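The values are calculated or read from the model by the stated rules, or taken from the named source; none is laboratory data. Computed from a prediction, not measured in an experiment: that's the story for all the values here. In this analysis, Cβ positions are derived from the backbone assuming ideal geometry, glycine residues included, and neighbour counts consider all displayed protein chains.
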Amino acid sequence: MHSLLALEDGTVFEGKAFGAFGEQWGEVVFNTGMTGYQEVLTDPSYCGQVVVMTYPLIGNYGIMKEDFESKRAFVRGFVVREECRQPSNWRLSETIDSFLKKEGVIGLSGIDTRSLTRRLRSHGTMRGVISTDTADAAVLVERAKNCPHLTGQELVPIVATKEIYTLPGSGYRVVLVDFGAKLNIIRCLRERGCEVVVVPPTAAAGEILALNPDGIVLSNGPGDPVDVPYAIETLKQLIGIKPILGICLGHQVLGLALGAKTYKMKFGHRGANHPVKDLVTGRVYISSHNHGFSVDEESMKGLDISVSHRNLNDGTVEGLRHKFLPVFSVQYHPEASPGPRDSEYIFDEFQEMMAGEVK
């Protein structure tokens with residue numbers, strides 16, 4: 001069966017359908033990772049998006065239950081150059097085709113993903129419609145033009161927990177504010193002995209402090225950070241009371257709570273090969289990314305925060321640190337999944353902060 005992807009600028013790509021059938025819309029973005037398609041599919045931060053993989057062969061090692069980053073897939077569409085139907089891996093539990101069918105995700109293969117990626121790089125991310133139901137390209141283009149923009153959609157409530165739950169540990173108690181947390185954030189904290197209490201993004205400051213945490217982690221998540229104003233207001237009340245670590249969307253929310261501004265990037269950072277410099281040590285790390293918004297460095301002037309990490313591809317802010325309080329954040333993913341795992345030292349720094357060793 002054929003499938004179409006129509007962009008709001010009128011560009012249409014035709015290929016072969018795999019996974020689920022139907023029609024879906026979303027922001028079309030690209031990921032440059034050579035591996036990790038399963039982690040991409042199950043990363044809640046991709047909610048609301050159609051993901052294009054730039055690596056040409058996807059699905060060659062199948063799907064492994066142990067490697068999920070959440071309970072299900074959250075992407076709205078998945079576009080590849082070539083889909084592998086005969087994966088080879090002793091750990092695999094199913095093919096990517098069967099997984100997408102079960103998850104209701106529409107796949108499109110056999111198109112020129114290089115051409116599509118170059119268009120997104122030149123013109124920026126665009127709204128698009130992926131369909132196996134409609135063969136009329138002009139109709140799909142009009143639907144793409146009329147799709148909602150990513151900003152303004154309430155995506156965090158779709159992916160975040162609704163209830164408080166606890167994962168035991170013998171060390172520090174960490175409250176994880178769940179905006180769509182990847183499971184490896186929890187794994188990294190528990191590997192360091194932490195007891196992790198996961199709370200909804202709507203949890204009030206009093207509720208969080210009543211849990212008597214040693215530290216607070218703000219997770220990754222989908223969409224525009226200005227679309228969670230309740231979390232920004234809560235965070236303003238927590239800053240300076242307990243050590244805080246923000247990751248990805250949590251980093252952006254923290255920036256807003258501290259008085260900075262954020263903006264939408266042209267095509268964002270998505271992949272596992274982005275060079276980031278730690279400005280404190282001077283060391284460069286290859287890191288995992290998934291974000292389309294960034295903290296505006298100009299808006300930080302006059303505030304009690306400084307840039308701690310910088311992206312070496314485009315110079316954007318990749319980390320913040322408060323000048324006086326035990327508060328810091330990173331835009332990229334120190335928990336990786338997919339790798340590399342070079343930046344897990346961020347969790348060690350957070351643990352030291354909770355121990356009072358870092359001021």
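Would segment 115-125 turn up any residue that is in contact (Cβ under 8 Å) with a residue 60 or more places away in the chain, on the phi > 0 side of the Ramachandran plot and either in contact with a Phe, Trp or Tyr (Cβ under 8 Å, 6 or more places away or on another chain) or among the hydroxyl-bearing types (Ser, Thr, Tyr) (or both)? Scanning segment 115-125 turns up at least one residue that is in contact (Cβ under 8 Å) with a residue 60 or more places away in the chain, on the phi > 0 side of the Ramachandran plot and either in contact with a Phe, Trp or Tyr (Cβ under 8 Å, 6 or more places away or on another chain) or among the hydroxyl-bearing types (Ser, Thr, Tyr) (or both). Output the residues belonging to segment 206-228 that are in a helix (DSSP H, G or I) and in contact with a Leu (Cβ under 9 Å, 6 or more places away or on another chain). Those that are in a helix (DSSP H, G or I) and in contact with a Leu (Cβ under 9 Å, 6 or more places away or on another chain): ILE208, LEU209, PRO225, VAL226, ASP227.
Of all residues in segment 212-241, those that are in contact (Cβ under 8 Å) with a residue 60 or more places away in the chain and surrounded by fewer than 24 Cβ atoms within 10 Å (Cβ to Cβ) total 7.
Being within 14 Å of the chain's Cα centre (by Cα), closer than 23 Å to ILE247 by Cβ, in contact (Cβ under 8 Å) with a residue 12 or more places away in the chain and part of a loop (DSSP other than H, G, I, E, B) is a property that SER70 has. Within segment 2-15, none of the residues are closer than 18 Å to GLU94 by Cβ and either charged (D, E, K, R) or in the same structural domain as PHE99 (by TED's automatic domain parsing) (or both). Criterion applied to VAL52, VAL40 was being assigned by TED's automatic domain parsing to the domain that holds ILE111, surrounded by 24 or more Cβ atoms within 10 Å (Cβ to Cβ) and in a strand (DSSP E or B), and the one residue passing it is VAL52. Contact annotation: residue pairs with Cβ atoms under 7 Å, 6 or more positions apart or on different chains, pairing a residue in segment 300-312 that is over 11 Å from HIS322 (Cα atoms) with a partner that is among the basic types (Lys, Arg) and modelled with pLDDT of 95 or more, are HIS309/LYS277; ARG310/LYS277; LEU312/LYS277.
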